[in-house]
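Read-outs throughout are calculated quantities, based only on the coordinates presented, and are distinct from any laboratory measurement. All of these numbers come straight from a predicted model, not from anything done at the bench. Using ideal geometry, Cβ is built from the backbone for each residue, glycine included, and neighbour counts are taken over all protein chains shown.
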C-alpha cells in the first residue's frame with residue numbers, strides 16, 4: 001500500500017514539475033513567435049533581423065509585469081529609465097518601444113503594431129537588438145512590451 005501511495009505522489013510531483021516547465025517554455029515560445037513575426041515583417045522591407053537580447057527582455061518583462069499588476073498604468077511609464085539602462089549596459093544609442101495588451105496571439109499583436117504608424121516606425125527602425133516581455137494579469141489579459149535598441 002505505501003509503495004503505491006508513494007508512486008502516486010511521485011507521479012503528481014512529476015506532473016506538477018513538468019507543468020511548471022511547460023508554462024515557462026510557453027512564455028518563451030510566445031516571445032520567440034513575436035520575434036519571428038517582427039523579423040518576418042522587417043525582411044519584407046529588406047531590413048536585417050533584430051536579435052533577441054536577454055538583458056533587454058528582462059527590462060521588458062518587468063515593465064509588462066508592472067502593467068499587468070497595475071503598479072504602473074498601461075503605456076510607456078519608465079521608458080526613459082529603460083533607455084538609460086540600455087545605454088549603460090549595452091551602449092545603446094537609439095531605442096524605441098511598443099506596448100500592447102489583450103487576449104491576442106503573437107501574430108495579432110505584431111499586426112496591431114504594423115497597423116499603427118508610430119509602432120510600425122519602431123518595427124522598421126534602424127535597430128539591431130530587441131527585448132520582448134509578456135505578463136498576464138489576474139483576468140488572463142496579456143501585457144506586451146517590445147523594446148528595440150541599436
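How large is the convex hull of the Cα atoms of segment 30-149 per residue, expressed in Å³ as a whole number?
88
What ranking, highest mean first, results for peptides 60-66, 37-43 when packing means the other Cβ atoms within 10 Å averaged over each residue? Kindly include the intermediate steps, with their values, before the conclusion.
Numbers: 60-66: 21.3, 37-43: 17.3.
Highest mean packing first, the order is 60-66, 37-43.
How big is the gap, in Å, between the Cα center of segment 112-127 and the Cα center of segment 56-110?
15
If you average the sequence gap of Cα pairs under 8 Å that are 6 or more apart and divide by the length of segment 30-149, what percent do you get for the contact order?
41
How would 124, 142 line up from fewest to most surrounding beta-carbon atoms within 10 angstrom? Kindly include the intermediate steps, with their values, before the conclusion.
Working: 124 15, 142 20.
In order of increasing Cβ crowding within 10 Å: 124, 142.
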